[in-house]
1. May I ask you to list the residues in segment 30-48 that are of a type outside the set (S, T, N, Q) and either surrounded by 14 or more Cβ atoms within 10 Å (Cβ to Cβ) or part of a helix (DSSP H, G or I) (or both)?
2. State whether the residues of segment 60-71 include one that is touching a Pro at 6+ places or on another chain (Cβ under 9 Å), crowded, with 16+ Cβ neighbours inside 10 Å and assigned to a loop (DSSP other than H, G, I, E, B).
3. Count, please, the residues in segment 72-96 that happen to be modelled with pLDDT of 95 or more, in a strand (DSSP E or B) and not β-branched (Val, Ile, Thr).
4. Kindly indicate which of ARG76, ARG19 is out of contact with any Asp or Glu (no Cβ under 6 Å at 6 or more places or on another chain), basic (Lys, Arg) and over 20 Å from PRO129 (Cβ atoms).
5. Could you look through segment 97-138, keep only residues that are over 16 Å from the mean Cα position of the chain (by Cα), of a type in the set (D, E, K, R) and closer than 22 Å to ARG69 by Cβ, and pick out the one that is modelled with the lowest pLDDT?
6. If only one of LEU3, LEU17 is closer than 19 Å to TYR126 by Cα and assigned to a helix (DSSP H, G or I), which one is it?
7. Return the residues of segment 1-20 that are modelled with pLDDT of 90 or more and not hydrophobic (A, V, I, L, M, F, W, C); say none if nothing qualifies.
8. So if I check each of LEU9, LEU13, which one is farther than 25 Å from LEU110 by Cβ and exposed (fewer than 12 other Cβ atoms within 10 Å of the Cβ)?
Amino acid sequence: MWLTLRLLLLLPLTALLVRLLPLPLTLRLLTPRRLPQTAASSAEIERLVQAVDALQSLRLPLYRRTCLRRCLVLLRLLRQRGLPVVLHFGVRRVGQQLEGHSWLTLRGELFLEPGEDPRPHYTVTYRWPEDTLWSQRL
């Protein structure tokens with residue numbers, strides 16, 4: 001129940017932040033400053049992902065599923081629960097257009113990506129957190 005309420009607020013807030021603020025500021029606001037000493041269980045992680053994906057599947061404008069919104073919300077929730085996930089932004093050329101995608105990694109491995117591994121197809125242009133202090137906790 002508490003998770004659903006948080007997501008009902010966090011998903012539209014994330015959408016608004018992305019539209020109104022520069023991306024670096026949005027990332028700083030959404031990223032917890034410290035990681036807890038203990039990480040969430042795999043069951044808790046699965047519950048988080050299912051809740052985020054369920055709300056985004058409603059196809060309501062403020063909850064519309066995009067890889068960026070999904071990653072930003074999961075970045076916040078997972079780092080709050082002790083997982084040092086890193087958000088990657090990549091681009092690729094499709095005909096004359098550039099197409100963007102975002103995904104998460106955990107300790108260098110693709111993490112919670114619902115589709116095909118994007119890394120062979122996209123050139124990473126930015127990652128967050130960008131410094132090692134925020135990126136990894138071994």
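The values are calculated or read from the model by the stated rules, or taken from the named source; none is laboratory data. These figures come from a predicted structure and were not determined experimentally. All Cβ positions, even for glycine, are placed from backbone atoms using ideal geometry, and neighbour counts span all protein chains on display.
1. The initial filter retains those residues of segment 30-48 that are of a type outside the set (S, T, N, Q), namely 30, 32-36, 39-40, 43-48.
Matches in segment 30-48: LEU30, PRO32, LEU35, ALA39, ALA40, ALA43, GLU44, ILE45, GLU46, ARG47, LEU48.
2. The answer is no; no qualifying residue exists.
3. Of the residues in that region, 5 qualify.
4. Numbers: ARG76 fails: over 20 Å from PRO129 (Cβ atoms).
Going through ARG76, ARG19 in turn, the sole match is ARG19.
5. GLU116
6. Details: LEU3 fails: closer than 19 Å to TYR126 by Cα.
Only one candidate passes the filter, namely LEU17.
7. THR14, ARG19 - these are the residues of segment 1-20 that are modelled with pLDDT of 90 or more and not hydrophobic (A, V, I, L, M, F, W, C).
8. Details: LEU13 fails: exposed (fewer than 12 other Cβ atoms within 10 Å of the Cβ).
After applying the criteria, what remains is LEU9.
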